[in-house]
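Written below as structure tokens is the structure these notes are about.
The values are calculated or read from the model by the stated rules, or taken from the named source; none is laboratory data. These numbers come from a predicted model, not from an experiment. For neighbour counting, all protein chains shown are included, and Cβ atoms are generated from backbone atoms with ideal geometry for every residue, glycine included.
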Amino acid sequence: MNWTLLVAVIGCCSSCFAASLLPHEQGKNAPSSPADPILQQTRQRRDAYNIIEDCMTVTSKDGHFYYKASPKDEVEPGTTCGLYLITDPERIIEIELIHVDVSCENGGLISVVDGWELNGEFFPSPEDHHLPLEQRIKSECGSHQTSSRYLSSQNAALIQYRVPRLGQGFSLRVNYVKNPQPCNILVEGTSYVYTLSNHGRRLNCSVTTLFPASISLVSLDVGFTEQRRLSRLSSPRHHLITHRSPPGEIVHNCEEKEMSDFLQIGGSSGLDTANMLVSDSVCGAAREPKTTEETIACGITTVRLVSSGRHRNWAQVSIRPAEDEDLSLANVMCPA
Ligand SMILES: *[C@@H]1O[C@H](CO)[C@@H](O)[C@H](O)[C@H]1NC(C)=O
């Protein structure tokens, strides 16, 4: 089936997750050469530090990260590599470049990205991020001691680097900071209940997984309220909807019904959720609504809260990786 290819691609990624997120892996990147002065220095500060060895690293560790292009690298010098950082939904990522030694020749550079990039697509989608894409990517090259500090807008950030010359590299520090109002959330491979809220603002927020997922609504308060519903009785266009949605119930296909605020459930092949296939869009208010679980057979699954700013929207969804039995009954299947 078409999506199996995507699952395979993402599968590589989730195995990186599994490896890098396991607590017993913490000590794996122990220093190979304690005589290195930079390593000794960082050691004295009693921060955890990590040597970047793989071209694609996915991690939730904090502390110092250190990379030096070495003949032992499994990729050609000058290949674009990435340190993919992911943390709890309610945290953002602080990145401090400490030392950059990456010659600008032959495309050498280090970039800090506000979000993740995979195959040219970005999370969060440029559509759902308050900053234009150019402002989310900050690049440097040359050789200097710096103290550039970057703060991500969500629980995912990326350091992309291309170091064409052996022996060159960089060091940086990563710290995870509380975020009282999370909007976009990237999910690593665990089952969990996620809360989406617009905090009363005109803004779109999403929870995105890197695996095909089964999603169920836990509770919802999105869009029209009791008062609004009454006021809409005078509008013939909404007559049908008001009749169909007694208080405390969920309305389906709200997007088609031209509601301003709704929760989309769907999936996409790539990280950019702008072109996602939507399985359903729901609105209304209910606790533990009796809706069936939806399975999205796509490499990327997204629950997206669209808010006009007129309502204080709130949704809790339960997300778990889809099993084979779920996938055979999927609500949405992504083309390759
Ligand atoms: C939110 O998404 C909707 C539909 O996708 C779009 O029309 C609207 O402009 C978006 N709002 C913001 C603030 O980006």
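Quick notes on this structure:
- When segment 193-208 is limited to residues that are among the β-branched types (Val, Ile, Thr) and surrounded by fewer than 24 Cβ atoms within 10 Å (Cβ to Cβ), the one that is nearest to the ligand (Cβ to nearest atom) turns out to be Thr195.
- Residue pairs meeting the criteria (Cβ under 8 Å; at least 6 apart or on separate chains; first without any contact (Cβ under 8 Å) to a residue 24 or more places away in the chain, in segment 250-275; second away from the ligand (no atom under 15 Å from the Cβ)): Lys257/Ile241; Lys257/Val251
- Of the residues making up segment 118-162, just one is within 16 Å of the ligand (Cβ to nearest atom), surrounded by 15 or more Cβ atoms within 10 Å (Cβ to Cβ) and among the acidic types (Asp, Glu), namely Asp128.
- Every residue from segment 299-309 that is out of contact with any Ser or Thr (no Cβ under 6 Å at 6 or more places or on another chain) and away from the ligand (no atom under 12 Å from the Cβ): Val303
- Taking segment 202-289 and the strands (runs of 3 or more DSSP E) fully enclosed by it, the elements with 2 or more residues that are modelled with pLDDT of 85 or more, among the β-branched types (Val, Ile, Thr) and not assigned by TED's automatic domain parsing to the domain that holds Ala157 are at 204-209, 213-222, 277-287.
- In segment 94-117, the residues that are under 24 Å from Leu186 (Cβ atoms), surrounded by 20 or more Cβ atoms within 10 Å (Cβ to Cβ) and over 16 Å from the mean Cα position of the chain (by Cα): Ile95, Leu97, Ile110
- Residue in segment 164-180 that is at pLDDT 95 or above, more than 23 Å from Met56 (Cβ to Cβ) and within 16 Å of the ligand (Cβ to nearest atom) present: no
- Taking strands (runs of 3 or more DSSP E) as the structural unit, those lying wholly within segment 75-147 and holding at least 2 residues that are in contact with a Leu (Cβ under 6 Å, 6 or more places away or on another chain) correspond to 81-86, 91-102, 116-118, 121-123.
- Criterion applied to Ser318, Ser307, Ser328 was being under 21 Å from Arg202 (Cβ atoms) and not charged (D, E, K, R), and the one residue passing it is Ser307.
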